[in-house]
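One structure is given here, and the rest of the page talks about it.
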Amino acid sequence: KVNSEVQTDIVTLTRYLTESEHALGTTATGDFTYYIRRATLINLVGLAGSENKTGDEQKKLDVIGNEIFVNSMRSSGKVKVLVSEEEENALVFGGSGKYAVVCDPIDGSSNLDAGVSVGTIFGIFKLDDNAAGTADDVLLPGTELVAAGFTMYGASANLVLTMRGGNVNGFTLDNALGEFILTHPNMRMPKTRSIYSVNEGNSLYWDSACREYFDSIKYPTEANGKPYSARYIGSMVADAYRTLCYGGMFAYPADKKSPKGKLRILYECAPMAMVMEQAGGQAVDSNMKRMLEVVPTHIHDRSGIFMGSYDEIEKVKSVFAKHQAK
Ligand code: P6P
């Protein structure tokens, strides 16, 4: 009798990627996990004392993470243009690369010293044959992404990867093998889940639609309506991974303090929106426009975002529609 408990058909990331066509965006991940896991051991946490070119305070690992990603993408020979949150301008590599990669090398790094999971968010565009190889080549809607995903460096390293039109697959790093193993094939979010994830410390700055929506799930008025649970980690990859695993909604609304929102369109909102949509959910900006159809005018443009379970975002849209109608 064959012991069906023993997994003998292990799908490693290498095998998965060779079976698909986009072996990019994830090569740097293995290197990152090395540094992330040892950050506290080799005293890499704490401020690097510099600011990145887009104004965020840089931590040592931000700097290292960015360098690893840049070197990895450059040496892949497949990337022509790289946009990183840590680089003011797009990097254009020599060679005949056919792809553009957008990334936030270490997202959530402000939480590093507290041991909170951080991660890498990435998106991949296929360049036109006659692309000039400039930043303009990535000022595209997220619908043009051919692949997107993120890695979360926590107790282990989890990678979530999706190809355009495909499903969402989760991999877990097997330290012994040094390989990512397919552990969460075809991740699907439930259509509803009573969990909301937002920084309520910003509620003073929210517009009326935002306030009405969150009040409606915190103080339900319908008969035997139960309040939602609040879960907010403050690290997008961790909040996104929980939303992907359990369902619910995550939001970083545009508000009076951040009129354009805080999160970046190209390498935070769009890749996450692609993952959420292809896992059966939705993602919209603060005007309730489909996130994947938002086109940045600058590589570091920001946007408000509401994303997660399909019906939970429908609830957001119905409240905002009332206010837009006014
Ligand atoms: P706030 C981390 O700094 C980050 O870019 C995202 O990972 C996270 O979702 C958000 O900002 C948290 O921002 O204002 O709630 O601390």
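Every residue, every condition in (1) closer than 17 Å to F150 by Cα; (2) in contact with a Gly (Cβ under 7 Å, 6 or more places away or on another chain); (3) within 16 Å of the ligand (Cβ to nearest atom), yes or no:
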{"residue": "N167", "(1), (2), (3)": "yes, no, no"}
{"residue": "Y196", "(1), (2), (3)": "no, yes, yes"}
{"residue": "Y205", "(1), (2), (3)": "no, no, yes"}
{"residue": "S208", "(1), (2), (3)": "no, no, no"}
{"residue": "K226", "(1), (2), (3)": "no, no, no"}
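Within region 94-117, if we keep just the residues that are crowded, with 24+ Cβ neighbours inside 10 Å and under 22 Å from M291 (Cβ atoms), the residue that is farthest from the ligand (Cβ to nearest atom) turns out to be A100.
Scanning region 271-318 for residues that are within 19 Å of R164 (Cα to Cα) and among the basic types (K, R) gives a single hit, R290. Among residues of region 190-202 that are within 7 Å of G248 (Cα to Cα), those with a beta-carbon under 7 Å from a residue that is in a loop (DSSP other than H, G, I, E, B) and within 14 Å of the ligand (Cβ to nearest atom) at least six positions away or on a different chain give the pairs I195/R231. Only strands (runs of 3 or more DSSP E) whose full extent lies in region 130-176 are considered here, and the ones with at least 2 residues that are among the β-branched types (V, I, T) and in contact (Cβ under 8 Å) with a residue 24 or more places away in the chain are 145-153, 157-163. When E179, E144, E200 are screened for being among the acidic types (D, E), more than 16 Å from the ligand (Cβ to nearest atom) and modelled with pLDDT of 95 or more, only E144 passes. Yes or no: Y241 part of a loop (DSSP other than H, G, I, E, B) and within 13 Å of the ligand (Cβ to nearest atom)? So Y241 fails the test.
The values are calculated or read from the model by the stated rules, or taken from the named source; none is laboratory data. Please read these numbers as outputs of a predicted model, since none were measured by experiment. Virtual Cβ from ideal backbone geometry, glycine too; neighbours counted across all protein chains shown.
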